1. Given Cα positions, please report Rg to Rh for the chain, the hydrodynamic radius being the Kirkwood one.
2. Leaving out ligands and nucleic acids, note down the accessible area per residue over the chain with a 1.4 angstrom probe, in whole Å².
3. Multiplying the sequence separation of ARG122 and LYS14 by 0.36 nm and subtracting their Cα-Cα distance, what value in nm do you get?
4. By average Cβ neighbour count within 10 Å, what is the ranking of 101-114, 76-89 from highest down?
5. Dipole size in debye (nearest 20) for the chain around its Cα centre, Lys and Arg Cβ +1, Asp and Glu Cβ -1?
6. log₁₀ I(q)/I(0) of the range 57-127 at q = 0.14, 0.21 Å⁻¹, via Debye over equal Cα point scatterers, no solvent, to two decimals?
7. Expressed as a whole percentage, what fraction of the accessible surface of the range 9-56 belongs to carbon and sulfur atoms when a 1.4 Å probe is rolled over the protein heavy atoms?
8. Between the DSSP loop rule and a limit of at most 11 other Cβ atoms within 10 Å, which trypsin sites (Lys or Arg not before Pro) in the range 1-41 are left?
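The values are calculated or read from the model by the stated rules, or taken from the named source; none is laboratory data. Everything numeric here is computed off the predicted structure, so don't read it as measured data. Here the Cβ positions follow ideal geometry from the backbone for every residue, glycine too, while neighbour counts run over all protein chains shown. Surface accessibility is based on the protein's heavy atoms, side chains included, excluding ligands, DNA and RNA. Shrake-Rupley method; radii C 1.70, N 1.55, O 1.52, S 1.80 Å.
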Amino acid sequence: MPFGPSETIRDAVKKLLEQKEGFVVFDDGKDDEYVQYSLEPRGLMFNWPTMLPSYASRVGEVAALLRELDFREASGDLDIRTYEVADDGIYAQFGRDAERIESFTLEAFRRFFGQSEWLKLRARVEM
């Protein structure tokens, strides 16, 4: 049974997937350190925006992490477990896979923001 940040992620994903639209932002209380997903027809779409210089400099690392989780670069529409690098960031379609979202989110905080697995994660679900 998940607990701590894992439970926060899974609860927020479940809540969002029960809605017709919206998004969730996971953060640790810092304005510029977050991981976000929006609800799309196929499920949850991850977005790593490149408007912040610290995010723009990590595009290659984010793509590498997605590939580690069996994502492939899209050759058209974003299907589940595909990603694309666009001018404004990286987009990846996670579908309804709460476990993969949990794994990616925790690993992103560890690698890109230097957070431990005992992260005090906050979730903001908005419709």
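1. My calculation of the ratio gives 0.93.
2. Accessible surface, normalised per residue, equals 56 Å².
3. This chain segment gains 37.4 nm when fully extended.
4. Ranked from most to least packed, the peptides come out as 101-114, 76-89.
5. With Lys and Arg at +1 and Asp and Glu at -1, about 280 debye.
6. The Debye formula, applied to the Cα set alone, gives -0.47, -1.01.
7. 48 percent
8. Sparse-neighbourhood loop trypsin sites (Lys or Arg not before Pro): LYS20, LYS30.
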